[in-house]
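The values are calculated or read from the model by the stated rules, or taken from the named source; none is laboratory data. This structure is a prediction, so every number in the text was calculated from the model and none was measured. Cβ placement follows ideal geometry from the backbone for every residue including glycine, while neighbour counts extend to all protein chains displayed. Side chains included, ligands, DNA and RNA excluded: accessible areas come from the protein's heavy atoms. Shrake-Rupley method; radii C 1.70, N 1.55, O 1.52, S 1.80 Å.
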Amino acid sequence: MGRWPWRDWGSALWHSLAWAVFGAAYVGAVVFVSSRPGATAGAVLLVLAAGSRLSAYIGATVGEIGLLRGFWLDSSRRMAWLEDYAASMTEHADARPPSLVEGIRFEHVAFAYPGTSRRVLDDVSLDLWPGSVVAIVGENGAGKSTLVKLLCRMYQPGEGRILVDGVDLARIPADEWRSRLAGAFQDFFRFEFLVQHTVGIGDVPRLDDQPGVAAAVNRAGADDVVERFAAGLETQLGATWPGGVEVSFGQWQKLALARGFMRDHPLLLVLDEPTAALDGARVVEVGSHEALMAKRGQYAELYGIQAAAYK
Ligand SMILES: Nc1ncnc2c1ncn2[C@@H]1O[C@H](COP(=O)(O)OP(=O)(O)OP(=O)(O)O)[C@@H](O)[C@H]1O
Ligand SMILES: [Mg+2]
């Protein structure tokens, strides 16, 4: 409400006016009852008690209405923000979605989350070749998920560019770009739908495509999860729903992975999971496993720690 103080003033004025009318009526009622011929102390007390009870009810009702109004204003403001944000995503988007022949290039990308000044990514330059599998390794909080979010055009780099086949990602319409992506995010959402839809929503036009969903479940190695549910793909997830089942974290994660595998031919498959250890928020080394091991740098050191843990 702070941004619109006039609303607060207006609301306070109406409140004062309403209570002034109520007060005047209350006093009037007491005067009326007590000045009538044959008025008793009991009748006056009754009016006083009824009046105070009434004022408590009115106060509570006004409070509830204020709360509801607050909810409504808050959600409509969020909605307006979302609409503006969606519009800003298509503002300079004049390029066609690419087919990914040359690959993806990060050019001196820097990024700080909105409302913060700390750079989560700083001067990141790297190439992602088409047809390659790239693993990003880093300490918790190093910026791996952030890099993935930028790649999915959830955020724009503050500095530098992300080029897709030489075209700035900012010029590719966000919805068209995302319709060519697939994958699972670390902070996945738990859709409490039927299993069919929880997975199928990974490719909305194929929401009800049962063989498609079964194939995605299989790709994610989630067959065991679905087999455990009595109604299979028709099982309602979430214990608060009628007939719904409780789902463990691991089961949710496998279903999220299956959702990520719904698209048969994505341009880019993103799998963001927590991994262990590297140094702060910039790409330190780039290269193949062999080259990085030969370099004996941080990658080799971390690989050594990881391998030792499995000995
Ligand atoms: N929405 C956000 N707003 C502000 N800061 C954020 C936001 N999301 C992440 N951060 C911060 O950005 C930094 C990088 O976070 P990010 O999630 O990219 O790390 P990560 O490398 O994926 O870590 P992990 O290994 O734990 O998954 C962290 O310091 C985190 O606190
Ligand atoms: Mg992460």
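Rolling a 1.4 Å probe over the heavy atoms of the protein chains gives region 183-266 an accessible area of 53 Å² per residue. When the charge dipole of region 24-138 is built from unit charges on Cβ atoms (+1 for Lys and Arg, -1 for Asp and Glu) and taken about the Cα centre, the candidate among ALA93, GLY66, GLY115 whose Cα reaches farthest toward its positive end is GLY66. Compute the FRET efficiency between ASP94 and GLU159 as 1/(1 + (r/R0)^6), taking r as their Cβ-Cβ distance and R0 = 25 Å, and round to the nearest 0.05. The computed FRET efficiency comes out at 0.70. Computed from point charges on the beta carbon alone (+1 for Lys and Arg, -1 for Asp and Glu), the dipole magnitude for the chain about its Cα centre is near 1100 Debye. With both labels modelled 7 Å from their Cα along Cα-to-Cβ, the ARG36 to ALA135 distance reads 8.9 nm. Extending 7 Å from the Cα toward the beta-carbon at both ALA110 and VAL47 defines two label points whose distance is 7.5 nm. By accessible area, using a 1.4 Å probe on protein heavy atoms only, region 67-132 has 58% of its surface on carbon and sulfur. With the biggest extent put first, the Cα atoms of region 45-91 measure 68, 7, 5 Å across the principal axes. Spherically averaged projected area of the convex hull of Cα atoms, region 109-224: 9.4 nm².
Secondary-structure-derived ellipticity at 222 nm for the chain, considering helices only, amounts to -15500 deg cm²/dmol, per-run term -39500 (n - 2.57) for DSSP H runs with n ≥ 4. Rolling a 1.4 Å probe over the protein heavy atoms leaves ILE104 with an accessible area of roughly 10 Å². Axis of helix 249-260 versus longest Cα principal axis of the chain: the two differ by about 70°, to the nearest ten degrees. Round to the nearest 10 and give me the degree value, 0 to 90, for the angle of helix 41-90's Cα axis relative to the longest principal axis of the chain. On a 0 to 90 degree scale, this one is about 20. The 3J(HN,Hα) values that the Karplus relation (6.51, -1.76, 1.60; θ = phi - 60°) gives for region 237-247 are, in residue order, 8, x, 5, 7, 8, x, x, x, 10, 6, 10 Hz. Gly and Pro appear as x.
Counted over all Cα-Cα pairs of region 5-90, pairs farther apart than 19 Å make up 60 percent. Taking Cα centroids, how far is region 233-259 from region 20-43 in Å? Rounded to whole Å, the Cα centres lie 63 Å apart. Quick one: which residues, 5 or more positions from VAL245 or on another chain, have an amide H under 5 Å from its amide H? H modelled 1.01 Å from N in the peptide plane, none for Pro or chain starts. Close amide H contacts, sequence-distant or interchain: GLN236, LEU237, GLY238. For region 1-87, applying the loop criterion from DSSP together with a ceiling of 12 other beta carbons within 10 Å to the trypsin sites (Lys or Arg not before Pro) yields ARG3.
For the chain, leaving out every one of the GluC sites (Glu not before Pro) that falls in a DSSP loop and has at most 12 other Cβ atoms within 10 Å, the longest unbroken run is 92-245.
In region 5-90, with Lys and Arg counted as +1 and Asp and Glu as -1 at Cβ, which of these residues, ALA43, SER76, ALA56, has the Cα nearest the positive end of the dipole, that is, farthest along it? Ranked along the dipole, the leading option is ALA43. For region 69-183, a simple Cβ point-charge model (Lys and Arg +1, Asp and Glu -1, everything else neutral) yields a dipole of about 400 debye relative to the Cα centre.
Each listed q (0.19 Å⁻¹) maps to a log10 I(q)/I(0) for region 183-266, found by the Debye formula over equal Cα scatterers with no solvent: -0.72. Taking the Kirkwood radius as Rh and the Cα radius of gyration as Rg, the chain has a ratio of Rg/Rh equal to 1.21. Cross-link partners of LYS254 among aspartates and glutamates, defined as those whose alpha carbon lies under 18 angstrom from its own and excluding same-chain residues fewer than eight positions apart: ASP187, GLU192, ASP203, ASP223, ASP224, GLU227, GLU234, GLU246, ASP264, ASP272, GLU273. Couplings 3J(HN,Hα) of region 9-21, computed from phi: 4, x, 5, 5, 4, 5, 4, 4, 5, 4, 5, 5, 5 Hz, in residue order, whole Hz [Karplus 6.51 cos²θ - 1.76 cosθ + 1.60, θ = phi - 60°; x for Gly and Pro].
Taking ASP209, ASP74, ASP187 in turn, the Gaussian network model of the chain (Cα-Cα springs below 10 Å) assigns the largest fluctuation to ASP74.
Over region 5-90, accessible surface divided per residue gives 77 Å², non-protein components excluded, 1.4 Å probe. Here the extension length gained between TRP81 and ILE58 equals 4.9 nm, from 0.36 nm per residue of separation less the Cα-Cα distance.
Computed extension length for ALA12-GLU285: 92.2 nm, one decimal, from 0.36 nm per residue of separation with the Cα-Cα distance subtracted.
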